[in-house]
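Heads up, the thing below is written out as C-alpha coordinates.
The values are calculated or read from the model by the stated rules, or taken from the named source; none is laboratory data. These numbers come from a predicted model, not from an experiment. Cβ atoms come from the backbone with ideal geometry, glycine included; neighbour counts cover every protein chain shown. Side chains are part of the model used for accessible areas, which takes the heavy atoms of the whole protein and leaves out ligands, DNA and RNA. Shrake-Rupley method; radii C 1.70, N 1.55, O 1.52, S 1.80 Å.
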Amino acid sequence: MLELASLVTRQARCRPHATAVVFEDTRLDWRAFSGRVARVGNALRALGLGRGDKVATLSGNSVELLETYWAVASIGAVLVPLSNLLMPAGLASLVEGSDARALVAQRSMLPVIDAIRDRLPRDILLTDGAAPGCHDYHALAAAHRLERIRRAFG
(Lines give C-alpha, C1' and ligand atoms only; values in the text may rest on other atoms or scores of the structure.)
Protein backbone atom coordinates (compact mmCIF):
# COMPACT_ATOMS: atom_id res chain seq x y z
CA MET A 1 0.00 0.00 0.00
CA LEU A 2 1.39 3.41 -1.00
CA GLU A 3 0.91 6.21 1.51
CA LEU A 4 0.33 9.70 0.16
CA ALA A 5 3.15 11.04 2.36
CA SER A 6 5.66 8.80 0.58
CA LEU A 7 4.74 9.97 -2.93
CA VAL A 8 7.46 12.63 -3.14
CA THR A 9 10.28 10.36 -2.00
CA ARG A 10 9.03 7.58 -4.27
CA GLN A 11 9.00 9.91 -7.27
CA ALA A 12 12.48 11.17 -6.35
CA ARG A 13 13.70 7.59 -6.33
CA CYS A 14 11.95 6.49 -9.54
CA ARG A 15 12.06 9.72 -11.60
CA PRO A 16 14.74 11.93 -10.02
CA HIS A 17 15.27 14.22 -13.01
CA ALA A 18 11.65 14.55 -14.12
CA THR A 19 10.01 17.91 -13.50
CA ALA A 20 8.08 17.99 -10.23
CA VAL A 21 7.31 21.68 -9.67
CA VAL A 22 6.94 24.66 -11.95
CA PHE A 23 6.06 27.93 -10.26
CA GLU A 24 6.81 31.31 -11.82
CA ASP A 25 10.57 31.17 -12.58
CA THR A 26 11.22 28.14 -10.36
CA ARG A 27 11.58 24.66 -11.82
CA LEU A 28 12.41 21.72 -9.56
CA ASP A 29 12.94 18.09 -10.42
CA TRP A 30 11.73 15.37 -8.06
CA ARG A 31 15.15 14.93 -6.42
CA ALA A 32 15.47 18.65 -5.60
CA PHE A 33 11.86 18.95 -4.48
CA SER A 34 12.15 15.87 -2.29
CA GLY A 35 15.26 17.30 -0.66
CA ARG A 36 13.51 20.58 0.09
CA VAL A 37 10.50 18.76 1.55
CA ALA A 38 12.80 16.61 3.72
CA ARG A 39 14.64 19.68 5.08
CA VAL A 40 11.36 21.41 5.96
CA GLY A 41 10.04 18.23 7.56
CA ASN A 42 13.20 17.90 9.64
CA ALA A 43 12.96 21.57 10.63
CA LEU A 44 9.37 21.04 11.81
CA ARG A 45 10.48 18.00 13.82
CA ALA A 46 13.25 20.09 15.39
CA LEU A 47 10.53 22.47 16.60
CA GLY A 48 8.96 19.50 18.38
CA LEU A 49 6.22 18.80 15.84
CA GLY A 50 5.22 15.29 14.86
CA ARG A 51 2.43 12.83 14.38
CA GLY A 52 -1.00 14.36 14.92
CA ASP A 53 0.24 17.92 15.57
CA LYS A 54 -1.45 20.66 13.59
CA VAL A 55 0.48 23.09 11.37
CA ALA A 56 -1.47 26.07 10.03
CA THR A 57 -0.58 27.89 6.82
CA LEU A 58 -1.38 31.48 5.98
CA SER A 59 0.06 32.16 2.58
CA GLY A 60 -0.65 32.78 -1.04
CA ASN A 61 0.52 30.24 -3.59
CA SER A 62 4.28 29.64 -3.44
CA VAL A 63 6.84 26.88 -3.68
CA GLU A 64 7.25 27.12 0.10
CA LEU A 65 3.54 26.49 0.62
CA LEU A 66 3.74 23.36 -1.54
CA GLU A 67 6.85 22.19 0.36
CA THR A 68 5.06 22.75 3.64
CA TYR A 69 2.03 20.72 2.55
CA TRP A 70 4.23 17.70 1.76
CA ALA A 71 6.56 18.18 4.74
CA VAL A 72 3.62 18.24 7.16
CA ALA A 73 2.32 14.98 5.68
CA SER A 74 5.80 13.44 5.78
CA ILE A 75 6.06 13.85 9.57
CA GLY A 76 2.52 12.60 10.19
CA ALA A 77 1.25 16.03 11.20
CA VAL A 78 -2.05 17.59 10.10
CA LEU A 79 -2.27 20.57 7.77
CA VAL A 80 -4.61 23.47 8.63
CA PRO A 81 -4.78 25.69 5.52
CA LEU A 82 -6.13 29.15 6.27
CA SER A 83 -7.25 31.89 3.90
CA ASN A 84 -5.16 35.05 3.81
CA LEU A 85 -8.44 36.91 3.22
CA LEU A 86 -9.68 36.28 6.76
CA MET A 87 -10.10 39.16 9.19
CA PRO A 88 -7.88 38.99 12.30
CA ALA A 89 -10.62 37.90 14.73
CA GLY A 90 -11.84 35.11 12.44
CA LEU A 91 -8.31 33.96 11.79
CA ALA A 92 -7.49 33.87 15.52
CA SER A 93 -10.64 31.88 16.20
CA LEU A 94 -9.83 29.29 13.52
CA VAL A 95 -6.23 28.90 14.67
CA GLU A 96 -7.29 28.48 18.29
CA GLY A 97 -10.04 26.04 17.33
CA SER A 98 -7.63 23.96 15.28
CA ASP A 99 -5.14 23.69 18.14
CA ALA A 100 -2.31 24.45 15.67
CA ARG A 101 1.16 24.25 17.21
CA ALA A 102 2.90 26.18 14.40
CA LEU A 103 2.03 28.69 11.70
CA VAL A 104 3.75 29.03 8.32
CA ALA A 105 3.03 32.41 6.75
CA GLN A 106 4.28 35.14 4.42
CA ARG A 107 5.69 38.45 5.67
CA SER A 108 2.78 40.27 4.04
CA MET A 109 0.59 38.75 6.77
CA LEU A 110 2.66 40.30 9.60
CA PRO A 111 0.16 43.12 10.33
CA VAL A 112 -2.56 40.52 10.90
CA ILE A 113 -0.20 38.21 12.79
CA ASP A 114 0.98 41.02 15.05
CA ALA A 115 -2.63 42.06 15.79
CA ILE A 116 -3.46 38.57 17.13
CA ARG A 117 -0.03 37.23 18.10
CA ASP A 118 -1.14 36.34 21.65
CA ARG A 119 -3.71 33.95 20.15
CA LEU A 120 -1.31 32.24 17.72
CA PRO A 121 1.12 29.35 18.19
CA ARG A 122 4.55 30.16 19.60
CA ASP A 123 6.33 28.96 16.46
CA ILE A 124 5.68 31.16 13.43
CA LEU A 125 7.76 30.55 10.30
CA LEU A 126 7.94 33.24 7.63
CA THR A 127 8.56 31.95 4.13
CA ASP A 128 10.07 35.17 2.81
CA GLY A 129 12.42 36.50 5.47
CA ALA A 130 12.89 36.95 9.17
CA ALA A 131 11.00 39.21 11.55
CA PRO A 132 11.15 39.67 15.32
CA GLY A 133 9.50 36.74 17.10
CA CYS A 134 9.32 34.63 13.93
CA HIS A 135 11.54 31.95 12.43
CA ASP A 136 13.04 32.42 8.99
CA TYR A 137 11.63 29.42 7.09
CA HIS A 138 14.57 29.11 4.70
CA ALA A 139 17.24 29.52 7.38
CA LEU A 140 15.53 26.96 9.59
CA ALA A 141 15.21 24.46 6.73
CA ALA A 142 18.82 25.04 5.63
CA ALA A 143 20.03 24.28 9.15
CA HIS A 144 18.61 20.75 8.98
CA ARG A 145 20.00 17.72 7.28
CA LEU A 146 18.68 16.40 4.06
CA GLU A 147 17.98 13.04 5.72
CA ARG A 148 14.68 11.74 4.48
CA ILE A 149 11.87 11.46 6.96
CA ARG A 150 11.46 7.86 8.09
CA ARG A 151 7.99 6.39 8.28
CA ALA A 152 6.11 8.83 10.49
CA PHE A 153 3.12 6.53 10.79
CA GLY A 154 4.61 3.36 12.22
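Some notes on this structure:
- Other residues within the sphere of radius under 10 Å centred on the Cβ of residue 21, judged by their own Cβ, net out at 0 (K and R +1, D and E -1).
- In the chain, the longest principal axis of the Cα atoms and the axis of helix 88-98 are about 50 degrees apart.
- Candidates 78, 95, 112: whichever shows maximal mean-square fluctuation once the chain is modelled as a Gaussian network with Cα springs under 10 Å: 112
- Radius, Kirkwood style, for the range 1-103 when every pair of distinct Cα atoms is counted (Å): 14.5 Å
- Heavy-atom surface analysis with a 1.4 Å probe gives the chain a carbon and sulfur content of 53 percent of its accessible area.
- Loop-located GluC sites (Glu not before Pro) in the range 1-104 (DSSP state not H, G, I, E or B) with no more than 16 neighbouring Cβ atoms inside 10 Å: 3, 24.
- On a per residue basis, the chain carries 52 Å² of accessible surface, using protein heavy atoms and a 1.4 Å probe.
- One chain, two ends: residue 62 and residue 26. Fully extended at 0.36 nm per residue, the span grows by 12.0 nm beyond their Cα-Cα distance.
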